[in-house]
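Notes follow the structure.
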Amino acid sequence: MITHPFKAAGAFLRAFPLVLSKDLRLFILAPLLANFVLMALIYMVAFGYFQDLLSYAMGYVPEWVSFLNWLFYIIFGAIITVLLFYSFSVGVNILAAPFMAFLAEKVEEKETGRVFDETLTAGVIMAIIGRSLQREGQKILYFLPRFILLLLLSFIPLVNVIAPVLLLLFSAWMLSLQYMDYAFDNNKVKFHDMRMALRSKPLLCWTFGAIVMVSLTIPFFNLFVMPIAVVAATLLWISVFRSEHGDFSALLDRTNGTL
């Protein structure tokens, strides 16, 4: 377990040359375009309304605790930042999910020689898009009640002191869950089973999520974070999780992907 953070960091280092390889460029252009458009929109909202939202939230702080204004600024600032961040992430992830699923498939094929058992006909492509969108819906339903609970904890005296830390940990966990999901889904691992697998390796997941979170704060570079994170997550699926969920690649016919 102590080596898991190094494995997460190593996966990102290995992801860079793969992202730039000729075989994978096609699957990166569409999500990059979505990133450009939605990033511009979210920055406009963030710069235009962040201070107004923060002032509005501070209006609910009672006068008798005004000496703790600095603390409430941190708490409300963290909550608003997470809301804006997830608004961006949800929008991009829904639009780019099918492309990221294909990208994860291509990385696994390139790294392992596995041939997926789906010929890319129009019907199969539509099925993959539908399955990807369904998984995105599952992630949203998983995220919302837990985020609301953390939001409520932010208003409880004493407990609210650790609320920003909990939000950061939860954000790292959700980012890990988001990007690891593509490889798990491609291999028909159920959403619940994936969560249990990730939960068994918390240091790996928190480190992976923290790297993504920090990368998203870097201007311009954050536009490329999504494909890099998907490639890194797929590499971790191959090196850490694949053997635990069965490796059926040896049973596949290399010519047509059938058993």
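For the range 126-148, state whether one or more residues are modelled with pLDDT under 75 and closer than 20 Å to Gly209 by Cβ. The answer is no; no qualifying residue exists.
From the list Val212, Val107, Val159, Val115, which residue is in contact with a Leu (Cβ under 7 Å, 6 or more places away or on another chain), surrounded by fewer than 18 Cβ atoms within 10 Å (Cβ to Cβ) and either closer than 23 Å to Ile28 by Cβ or polar (S, T, N, Q) (or both)? Testing whether each residue is in contact with a Leu (Cβ under 7 Å, 6 or more places away or on another chain), surrounded by fewer than 18 Cβ atoms within 10 Å (Cβ to Cβ) and either closer than 23 Å to Ile28 by Cβ or polar (S, T, N, Q) (or both) leaves just Val115. When you look at Leu175, is it surrounded by fewer than 17 Cβ atoms within 10 Å (Cβ to Cβ) and part of a helix (DSSP H, G or I), yes or no? Here the answer is no, as Leu175 does not meet what is asked.
Of everything in the range 204-242 that is more than 19 Å from Ala97 (Cβ to Cβ) and among the aromatic types (Phe, Trp, Tyr), the residue that is modelled with the lowest pLDDT is Phe220. Look at (1) hydroxyl-bearing (Ser, Thr, Tyr); (2) farther than 26 Å from Arg114 by Cα; (3) modelled with pLDDT of 90 or more and you find that Ser176 fails only one, number (2). No other residue among Met180, Met194 is out of contact with any His (no Cβ under 6 Å at 6 or more places or on another chain) and within 20 Å of Gly10 (Cβ to Cβ) apart from Met180.
Kindly indicate whether any position in the range 179-192 is surrounded by fewer than 19 Cβ atoms within 10 Å (Cβ to Cβ), assigned to a helix (DSSP H, G or I), in contact (Cβ under 8 Å) with a residue 12 or more places away in the chain and not polar (S, T, N, Q). Within the range 179-192, one or more residues are surrounded by fewer than 19 Cβ atoms within 10 Å (Cβ to Cβ), assigned to a helix (DSSP H, G or I), in contact (Cβ under 8 Å) with a residue 12 or more places away in the chain and not polar (S, T, N, Q).
Only a single item in (1) modelled with pLDDT under 80; (2) under 24 Å from Val240 (Cα atoms); (3) part of a helix (DSSP H, G or I); (4) not basic (Lys, Arg) is not met by Phe116, and it is number (3).
The values are calculated or read from the model by the stated rules, or taken from the named source; none is laboratory data. Since this is a predicted model, take the numbers as computed values, not measurements. Note: ideal-geometry Cβ built from the backbone for every residue, glycine included; neighbour counts use all protein chains shown.
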